[in-house]
């Protein structure tokens, strides 16, 4: 598999297959939301767009980065999200990096959103779709966020079928600038468990696929068959 690792500003053309990485915290939050029964996540272009969607659909759950704000139901924290009843609901998500990266490649034929908690499922889906060329969008810090790059590199190796020890990749994420800022309270809207939740490998068995639906970029979970499915006993 030919893998490219690009920051959002480096996306000069629309890739055929894109894997958008945001470990801390957008796509860890998204995975937790789906695990709690969310039907879909609408990726909003801006805070105003998120609020407009929430106004049209009062039952939807709107979340954003940073501190709580009027009109939003919660913030972009996996630890905080766990306490909210989400079964069957729709989430509107607007974040600084992750949602921006996904919207930047919305015209790609396949868009996956990923973090460590869905790493293996994402790699399995890339293998199942026979993806020969994949652009990994490293969303944080204009492509320099080590937690996102580490996750992208790990998924790329697994997608290529290479046996890979995850320990070094997880260590890089745990020691990243983002993790330090979360731990030191530089970033607002943080739960004490957020870092640990963001570096939990393969917590969930699904990948996350984003598609355009009626002009909205919508993220949904995608079940991935186990490599042993169909094998004889």
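Please find, among 162, 123, 179, the residue that is surrounded by fewer than 22 Cβ atoms within 10 Å (Cβ to Cβ) and in contact with a helix residue (DSSP H, G or I) (Cβ under 6 Å, 6 or more places away or on another chain). Walk me through how you get there before you give the answer.
Working: 162 fails: in contact with a helix residue (DSSP H, G or I) (Cβ under 6 Å, 6 or more places away or on another chain); 123 fails: surrounded by fewer than 22 Cβ atoms within 10 Å (Cβ to Cβ).
Unique residue meeting the criteria: 179.
Within the group 72, 5, which residue is over 15 Å from the mean Cα position of the chain (by Cα) and more than 22 Å from residue 202 (Cβ to Cβ)? If you could, list the steps in order and put the result at the bottom.
Details: 5 fails: more than 22 Å from residue 202 (Cβ to Cβ).
Sole residue among the options that is over 15 Å from the mean Cα position of the chain (by Cα) and more than 22 Å from residue 202 (Cβ to Cβ): 72.
Report, by residue number, each residue of segment 192-215 that is surrounded by fewer than 21 Cβ atoms within 10 Å (Cβ to Cβ), touching a residue at least 12 places away in the same chain (Cβ under 8 Å) and out of contact with any strand residue (DSSP E or B) (no Cβ under 9 Å at 6 or more places or on another chain). Working first, answer last.
So in segment 192-215, the residues surrounded by fewer than 21 Cβ atoms within 10 Å (Cβ to Cβ) come out as 192-193, 196, 200-206, 209, 211-215.
Still in the running and touching a residue at least 12 places away in the same chain (Cβ under 8 Å): 192-193, 200-206, 209, 211-212.
Of everything in segment 192-215, those that are surrounded by fewer than 21 Cβ atoms within 10 Å (Cβ to Cβ), touching a residue at least 12 places away in the same chain (Cβ under 8 Å) and out of contact with any strand residue (DSSP E or B) (no Cβ under 9 Å at 6 or more places or on another chain) turn out to be 192, 193, 200, 201, 202, 203.
Taken together, the values in this text are just the output of simple stated rules run on the coordinates, not laboratory data. In this text, all values refer to a predicted model and were calculated from it rather than measured experimentally. Every residue, glycine as well, gets a Cβ built from its backbone with ideal geometry; the counts of neighbours run over all protein chains shown.
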